[in-house]
Amino acid sequence: MNESTNNRPQGKRLVDAPAVFIDIEDHVQQLQSETGWQKNDRNAITVFKSAGTTVVITALHKNAMLDDLDTEGLILVQVLRGSVFFTGDENESRKIAGKQMMAIHPGPKLQVTAEEDSVLLLTVISN
């Protein structure tokens, strides 16, 4: 179980067990109904966390940037809605749209910028 936070004071939710059911659409609706979505350029919720694996659903407003991706582990970024641009160290850019995915090995510094309101499923796998 996770602990309650300022953004979600209602308390605990299951994030690790032998089997964890994750209703992505319910979590997206929750994210977009919270004050964090109204006041900030993004909102996120951890839906699974176990030794070596974390799964986070992130909602981004248009032009929101993620420049703090933890690249110490393998990162899988699946765009569920919208579209984002990945920009690397050499300023190469790649657009990833809804229902597409990017796998990122540890090391490269990447920046993600939402081209429009977007929802991402981020999976981080560390050793």
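Is it the case that some residue within the stretch 37-53 is within 11 Å of Leu121 (Cβ to Cβ), in contact (Cβ under 8 Å) with a residue 40 or more places away in the chain, of a type in the set (Val, Ile, Thr) and crowded, with 16+ Cβ neighbours inside 10 Å? No - not one qualifying residue is present in the stretch 37-53.
Residue by residue, here is whether (1) under 22 Å from Gln32 (Cβ atoms); (2) modelled with pLDDT of 90 or more holds:
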residue	(1), (2)
Leu80	yes, yes
Ser93	no, no
Ile96	yes, yes
Ala103	no, yes
Gly107	no, no
Ser118	yes, yes
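Take the conditions (1) of a type outside the set (Lys, Arg); (2) under 25 Å from Gln29 (Cα atoms); (3) assigned to a strand (DSSP E or B); Ala103 misses just one of them, which is (2). Tally time: how many residues in the stretch 40-64 are over 12 Å from the mean Cα position of the chain (by Cα) and of a type in the set (A, V, I, L, M)? Matching residues across the stretch 40-64 total 2. Scanning the stretch 97-127 for residues being in contact (Cβ under 8 Å) with a residue 60 or more places away in the chain and either in contact with a helix residue (DSSP H, G or I) (Cβ under 8 Å, 6 or more places away or on another chain) or over 22 Å from Val47 (Cα atoms) (or both) gives a total of 2.
The values are calculated or read from the model by the stated rules, or taken from the named source; none is laboratory data. A quick note: this is a predicted structure, and the numbers were derived from the prediction, not measured. Backbone-built Cβ (ideal geometry, glycine too); neighbour counts: all protein chains shown.
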